[in-house]
Amino acid sequence: MGENLQSLVLESFQRAASRVPAYRKMLEESGIQPATIKSLEDFARLPVLEKRHTFQRFPIEELCLDGKLGQLGSVLTSSGHSGIFAFGLTDAEAMPATIQWVDDLLDILFAVRSRRTLLVNCLPMGVKVHTQACTLAETSVRPDMAVGLVKAFGQHFEQFILVGEAAFIKQVLEQGAKAGIDWRGLLVHVIVGEEPLAENARKYLDGILGNDLRQPEKGVVVSSMGVAELGLNLFSEVPPMGPLILLRRTLHENAALRHSVLGAGEFVPSLFTYDPQRVFVEFDLAGRLILTTLDPRTRVPLIRYATGDRGSFLRVPAADRSTIEAAGIPAELLEMLPIVAIRGRGDHALAGAVPVYPEEVKEGIYHDSTLVPSITANFRLVSGPERVRIRLQLSPGIVPSAEMEKQFSAAISRYVHAPFEVTCERYETFGSGMTLDYERKFQYLER
């Protein structure tokens, strides 16, 4: 595997160095002769690229193989969260293989070729799910449309797959319950993306759907991560179905085990596996996630590209193996998987000099399931000289109260140990991000 992986990586590098005009220019500017890159150790000395080095600097065709767009089947844009748009291009000839790959994956996970399946794509407009094995409905970020579809077609499909961001899926499930949908009477799987999934958010969604982590075939909430310019679903909790989801829940609930496996911290990062034939993964000393595309059909090959995320590889210590297995997680299977722990982008507010991370606050606001319906799950963090202010957006029609703020403060304090204060704000007066309506990644930090 090691020699094969090295061969794949070096072939990808040489292909980009010889055929991508922008990358050839960047290598020349760095004084690097492609012929001198003969091992993974050599490869690790190549410059790390970012959006500003690539999509901001060069015309899109100069980032393509042979300096040509070619005949494109699809173009995917990034969210623009960083202020720079990046683009993922798929050749028209590669589209059938892309659809086949998606359907093969969905079939492995949910048996979509043998079960009549309605897949409801609730991702923002422009983010497509290519499938021919499922009946596809695309509602974008219209919860009423998603609810209407499930109500109308609930008796005509054997299962549903909802795809979207966690806070939006929360809204769909809550509105559906109010509209009379018996979610527990349907077979519903959820795939969440766009941003990291809080484990308490999964618990909340599971509670509405009646899911049991140990019986994922009866309904499961899974998290995946993609990068528009590199590919969707690059990282995922599945396949195999179950072990990583159960591991994350176990680490979430067992503080001693969490600290042994992950080190200090009150929240569990996203735990993903990936296909090492599709992407080569590195983390630098600062924890930056650095990816290299390996598929020779990739129109815009990216070499040692920093996504902006931070994390590390995950290895379960031998001393914790028995505890892991006692939780029903096959330790031997975990050892066979390439696993990464993705901690987010490292953005944070400050309480004086102490950082407060959105990921910690997310776990806190979902901690008490009786409180969760009263908020949209949107919030803002405001730095302060002594404490961080956490502004929570209430759900439509919910009136703020001192008791509610006290309850949320108690829940959040389980995960945030820096000084903070909570203010609950009416839905219509919250303001921040209201005009985006889930079309763009939410900005949790107030500048």
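The values are calculated or read from the model by the stated rules, or taken from the named source; none is laboratory data. A quick note: this is a predicted structure, and the numbers were derived from the prediction, not measured. Note that we place each Cβ from the backbone using ideal geometry, even for glycine, and neighbour counts take in every protein chain shown. These accessible areas exclude ligands, DNA and RNA; they are computed on the full protein's heavy atoms, side chains included. Shrake-Rupley method; radii C 1.70, N 1.55, O 1.52, S 1.80 Å.
Give the stretch 251-268 a look and list any residue that's over 13 Å from Arg202 (Cα atoms), surrounded by 15 or more Cβ atoms within 10 Å (Cβ to Cβ) and not small (Gly, Ala, Ser), or say none.
Result: Leu251, Asn254, Leu257, Arg258, Val261, Leu262, Glu266, Phe267.
Answer yes if at least one residue in the stretch 32-39 is under 25 Å from Thr135 (Cα atoms) and either open to solvent by 30 Å² or more (accessible area, probe 1.4 Å) or of a type in the set (Val, Ile, Thr) (or both), and no otherwise. Step through it out loud before you land on a result.
Within the stretch 32-39, the first condition is being under 25 Å from Thr135 (Cα atoms), and the residues that meet it are none.
Looking through the stretch 32-39, none of the residues is under 25 Å from Thr135 (Cα atoms) and either open to solvent by 30 Å² or more (accessible area, probe 1.4 Å) or of a type in the set (Val, Ile, Thr) (or both).
Return the residue satisfying two criteria in turn: it lies in the stretch 129-166 and is in contact with a helix residue (DSSP H, G or I) (Cβ under 7 Å, 6 or more places away or on another chain) and among the polar types (S, T, N, Q), and of such residues it is surrounded by the most Cβ atoms within 10 Å (Cβ to Cβ).
Among those residues, the one meeting the criterion is Thr139.
Can you tell me which residue within the stretch 181-206, out of those that are in a helix (DSSP H, G or I) and more than 21 Å from the chain's Cα centre (by Cα), is farthest from Leu371 (Cα to Cα)? Lay out the reasoning, then the answer.
Here is the first cut: in the stretch 181-206, the residues in a helix (DSSP H, G or I) are 183-185, 199-206.
Now narrow it down to the ones that are more than 21 Å from the chain's Cα centre (by Cα): 183-185.
On the way: Trp183: 20, Arg184: 21, Gly185: 24 Å.
Taking the candidates together, the pick is Gly185.
Could you list, in sequence order, the residues of the stretch 192-211 that are at pLDDT 95 or above and acidic (Asp, Glu)? Can you show your working first?
Initially, the stretch 192-211 is screened for residues at pLDDT 95 or above, giving 192, 197-211.
Listed by number, the residues that qualify are Glu199, Asp206.
For the stretch 266-302, enumerate the residues that are under 20 Å from the mean Cα position of the chain (by Cα), assigned to a loop (DSSP other than H, G, I, E, B) and without any contact (Cβ under 8 Å) to a residue 60 or more places away in the chain.
If the condition is that a residue be under 20 Å from the mean Cα position of the chain (by Cα), assigned to a loop (DSSP other than H, G, I, E, B) and without any contact (Cβ under 8 Å) to a residue 60 or more places away in the chain, then Asp275, Arg278, Gly287 are the ones that fit.
Which condition breaks for Leu337 when tested against (1) under 22 Å from Ser236 (Cβ atoms); (2) among the aliphatic types (A, V, I, L, M); (3) at pLDDT below 95?
Exception for Leu337: condition (3).
Look through Phe43, Phe85 and report the one residue that is surrounded by 15 or more Cβ atoms within 10 Å (Cβ to Cβ), modelled with pLDDT of 95 or more and of a type in the set (Phe, Trp, Tyr). Talk me through it step by step, then tell me what you get.
On the way: Phe85 fails: modelled with pLDDT of 95 or more.
Answer to the selection: Phe43.
Does Asp295 meet the test of being surrounded by fewer than 18 Cβ atoms within 10 Å (Cβ to Cβ) and at pLDDT below 95? I'd like the intermediate steps shown before the answer.
Values: surrounded by fewer than 18 Cβ atoms within 10 Å (Cβ to Cβ): yes; at pLDDT below 95: yes.
Judged against the criteria, Asp295 is a match.
Does the stretch 418-429 contain at least one residue that is among the charged types (D, E, K, R), in contact with a Pro (Cβ under 7 Å, 6 or more places away or on another chain) and not in a strand (DSSP E or B)? Step through it out loud before you land on a result.
Here is the first cut: in the stretch 418-429, the residues among the charged types (D, E, K, R) are 421, 425-426, 428.
Remaining after also requiring in contact with a Pro (Cβ under 7 Å, 6 or more places away or on another chain): 425-426.
Next, only the ones that are not in a strand (DSSP E or B) stay: 426.
Scanning the stretch 418-429, I find at least one residue that is among the charged types (D, E, K, R), in contact with a Pro (Cβ under 7 Å, 6 or more places away or on another chain) and not in a strand (DSSP E or B), so the answer is yes.
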